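Student: I am attaching a structure below and will ask some questions about it afterwards.
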Amino acid sequence: NEIYLNGLFGIAPEHPMSFAELAERARHAMPPGVWSYVAGGAGDESTQDANSAAFARWGLVPRMLVGAERRDLSVDLFGRTLPSPLFMAPVGVLGICARDGHGDLATARAAARTGVPMVASTLSADPMEAVAPEFGDTPGYFQLYTPTDRALAESLVHRAEKAGFAGIVVTLDTWISGWRPRDLATANFPQLRGHCLANYTSDPAFRTLRTPGREEDPGDLALTWARIFGKPLTWDDLPWLRSLTTLPLILKGICHPDDARRAKDLGADGVYVSNHGGRQANGGLPALDALPEVVDAVDGLPVLFDSGVRSGADVVKALALGATAVGVGRPYAYGLALDGTDGVVHVLRSLLAEADLVMAVDGYPALADLGPAALRRVCCGG
Ligand code: FNR
């Protein structure tokens, strides 16, 4: 309301209101190698572009005279009531997006201020025990990379439980990094790696994987880390993964209905439809197009969604297609680069304000009113 009224009465916001301008400003605020890493995607980035374009193929159908004066965007998720269905997707290397190097802490503070949960990546500049207290009353989730070393995975999950995280998100699509031409061209991985391994370096199980006597050697740190990536999990690992925690377990990267059903049968508490924002494999289905079939397949299990969300209207469309909660990645990372916690808060509040107004104008006052009947396919090409 405040953002909207300010605009109407001539008080211009400090930060851009459109995603395109936000991205442009962030590009100037970041060193080129960092910008390439955050903004870039796999291959020629056509899947990344398609993720956002997919939203334009759906149109919300306005309904009149429903009296949408008050809206209720609250949602029940894993036993907690959240003020809105928006969340911050896990973004590794947030440290390099923030001027002081503590982007994870800054983002966690934005979660506390807005009630928008953060899924904190394993790839963090600060250990999870420092990040979690910054969430305040907002629940935070821990995203797990990469559990193929079982002792390390167990240690990370138990630390997350102890630190007070409200759930574990296991990312399945990034056991190996995708083909990302921008990163290969800038050769920026060594620069990035130095800013995101705090959860590993602070972990006792990780320390046992280091080469004895070379604990201070950054080359050995990089090698140890590289050894634990590059091995995929399989369905056979799922019972073990489930046994690690009583916290809600959410599987990220599920885009096929059969995978979604199997995840549910094996005890997942939620599935997370995402193609990693088009960063992992090019040539894929836009994540939005995978959403309805997954929602049908899991029959009531919470379905989280991200990839390509750039506006409040996009949030509303994903909800109408069955998402329980909707995540953004790059948009808040850009806000962070522009102005730390305030920049993230600006991005989240703008998305929420637009979603709220779209629901008001279009006559869908509560999330329960949003279903497939609220949408029409507006074109089929492209
Ligand atoms: C990511 N993403 C990601 N996902 C994850 O599970 N763990 C991680 O550490 C990261 N790291 C990461 C870094 C950067 C720079 C970006 C942009 C993304 C993927 C992220 O969670 C999410 O799936 C996408 O960002 C969603 O797409 P949009 O909103 O960026 O289009």
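Each value in this text was obtained by applying a stated rule to the coordinates, not by laboratory testing. Note that the structure is a prediction, hence the values are computed from the model and not measured. Neighbour counts run over all protein chains shown; Cβ positions are idealised from the backbone, glycine included.
Student: Contour minus end-to-end for Asp220 and Cys379, with contour as 0.36 nm per residue of separation and end-to-end as the Cα-Cα distance?
Tutor: 52.0 nm
Student: Let me ask something else. Search the structure for amide H atoms under 5 Å from the amide H of Trp58, placed 1.01 Å from N in the peptide plane, and list their residues when 5 or more places away or on another chain.
Tutor: HN-HN under 5 Å from Trp58: Val378.
Student: I want the antiparallel fraction of DSSP beta bridges within the chain, as a percent rounded to 5.
Tutor: Restricted to the chain, the bridges split so that about 20 percent are antiparallel.
Student: Expressed in nm to one decimal, what extension gain is obtained for the pair Arg227 and Arg242 from 0.36 nm per residue of sequence separation less their Cα-Cα distance?
Tutor: That works out to 3.0 nm of additional length.
Student: Related question: At R0 = 35 Å, how high is the FRET efficiency between Trp235 and Glu129 if r is their beta carbon distance? Nearest 0.05 is fine.
Tutor: With a Förster radius of 35 Å, E is 0.65.
Student: Karplus couplings for the range 271-276 from phi (6.51 cos²θ - 1.76 cosθ + 1.60, θ = phi - 60°), rounded to Hz, Gly and Pro as x?
Tutor: Those phi angles translate into 10, 10, 7, 6, 10, 6 Hz.
Student: What lysines does Lys162 reach when the alpha-carbon gap must be under 19 Å and sequence neighbours fewer than 8 apart in one chain are set aside?
Tutor: Counting by Cα, and skipping residues close in sequence, Lys162 has no lysines nearby.
Student: Continuing with the same structure: Helix 103-114 versus the longest principal axis of the chain: what is the Cα-based angle in degrees, 0 to 90, to the nearest 10?
Tutor: That helix lies at roughly 30 degrees to the long axis.
Student: Still on this structure: Which far-off residues, 5 or more places away or on another chain, put their amide H under 5 Å from the one on Leu144, with H placed in the peptide plane?
Tutor: Amide H to amide H, under 5 Å and 5 or more residues apart or across chains, Leu144 pairs with Val169, Val170, Thr171.
Student: To continue, here is another question. Once the Cα atoms of the chain are picked out, what are the Rg and Dmax in Å?
Tutor: Final numbers for Rg and Dmax: 20.1, 73 Å.
Student: Going by alpha carbons, how many degrees (0 to 90, nearest 10) lie between the helix axis of 287-298 and the longest principal axis of the chain?
Tutor: Between the helix axis and the principal axis of the chain, the angle is about 90 degrees.
Student: Also, I was wondering about something else. Can you give me the Cα centroid spacing of the range 101-153 and the range 257-301 in angstrom?
Tutor: The range 101-153 and the range 257-301 have Cα centres spaced 23 Å from each other.
Student: Projected onto the charge dipole of the chain (+1 at Lys/Arg Cβ, -1 at Asp/Glu Cβ, origin at the Cα centre), which of Leu370, Pro204, Ile254 gives the Cα projection farthest towards the positive end?
Tutor: Ile254
Student: With n ≥ 4 as the cut-off for DSSP H runs, can you work out [θ] at 222 nm for the chain, using -39500 (n - 2.57) per run divided by the number of residues, rounded to the nearest 500?
Tutor: The helix-only estimate for the chain comes to -12500 deg cm²/dmol at 222 nm.
Student: Between Asp299 and Ile176, what length in nm is gained on full extension when 0.36 nm per residue of separation is reduced by their alpha carbon distance?
Tutor: Result for the pair: 41.2 nm of gain on full extension.
Student: Over the alpha-carbon set of the range 8-57, divide Rg by the Kirkwood Rh and report the Rg/Rh ratio to two decimals.
Tutor: Here the Rg-to-Rh quotient is 1.09.
Student: Could the peptides 109-119, 218-228, 288-298 be put in order, highest first, of the mean number of other beta-carbon atoms found within 10 Å of their residues?
Tutor: Packing proxy ranking, top to bottom: 109-119, 288-298, 218-228.
Student: How about the range 1-85: which trypsin sites (Lys or Arg not before Pro) there lie in a loop by DSSP and see at most 11 other Cβ atoms within 10 Å?
Tutor: Here the trypsin sites (Lys or Arg not before Pro) that fit, given the DSSP loop and packing criteria, are Arg70.
Student: Here's a follow-up. Roughly how many debye, to the nearest 20, is the charge dipole of the chain about its Cα centre, given +1 on each Lys and Arg Cβ, -1 on each Asp and Glu Cβ, and no other charges?
Tutor: Magnitude of the dipole: close to 280 debye.
Student: For Lys231, give me every one of the aspartates and glutamates with a C-alpha distance below 16 angstrom, ignoring sequence neighbours fewer than eight places off in its own chain.
Tutor: Hits, sequence-local ones excluded: Asp149, Asp173.
Student: May I pose another question? With each pseudo-label sitting 7 Å past Cα toward Cβ, what's the Asn1-Arg80 distance in nm, one decimal?
Tutor: With each label point 7 Å from Cα toward Cβ, the separation is 2.5 nm.
Student: Just to confirm a number: summing +1 for Lys and Arg and -1 for Asp and Glu over residues other than Arg279 whose beta-carbon lies under 11 angstrom from that of Arg279, what do you get?
Tutor: So the environment of Arg279 carries a net charge of 0.
Student: What number, in percent, do you get for the relative contact order of the chain if the mean sequence gap of Cα pairs under 8 Å and at least 6 apart is divided by its residue count?
Tutor: 27
Student: Around Leu77, which amide H atoms from residues at least 5 apart in sequence, or from another chain, sit under 5 Å from its own amide H, with H modelled in the peptide plane?
Tutor: Leu82
Student: Let me ask you something else. Place +1 on the Cβ of every Lys and Arg and -1 on the Cβ of every Asp and Glu in the chain, take the dipole about the Cα centre, and give the residue among Phe55, Gly312, Thr324 whose Cα lies farthest towards its positive end.
Tutor: Checked the options; the winner is Phe55.
Student: Sticking with this structure for a sec: If you take the alpha carbon radius of gyration of the range 257-382 and divide it by 2.2 N^0.38 Å, what ratio comes out, to two decimals?
Tutor: Ratio of Rg to 2.2 N^0.38 Å for the range 257-382: 1.12.
Student: Assuming a ≥ b ≥ c are the square roots of the Cα gyration tensor eigenvalues, decide whether the range 91-184 counts as rounded (a/c under 1.5), prolate (otherwise, with a/b larger than b/c) or oblate.
Tutor: Here the range 91-184 falls in the oblate category.
Student: Which lysines have a Cα less than 22 Å from the Cα of Lys264, not counting those fewer than 8 places away in the same chain?
Tutor: Cα-Cα hits under 22 Å: Lys252.
Student: So, one more: With the crude spin-label approximation of a point 7 Å out along Cα→Cβ, what separation in nm comes out for Ala53 versus Phe9?
Tutor: Going from the Ala53 label point to the Phe9 one covers 4.3 nm.
Student: Please turn the phi angles of the range 327-338 into ³J(HN,Hα) values with the Karplus equation 6.51 cos²θ - 1.76 cosθ + 1.60 (θ = phi - 60°), one per residue in order, whole Hz, x for glycine and proline.
Tutor: So the J values, rounded to whole Hz, are x, 10, x, 4, x, 6, 5, 5, x, 4, 5, 6.
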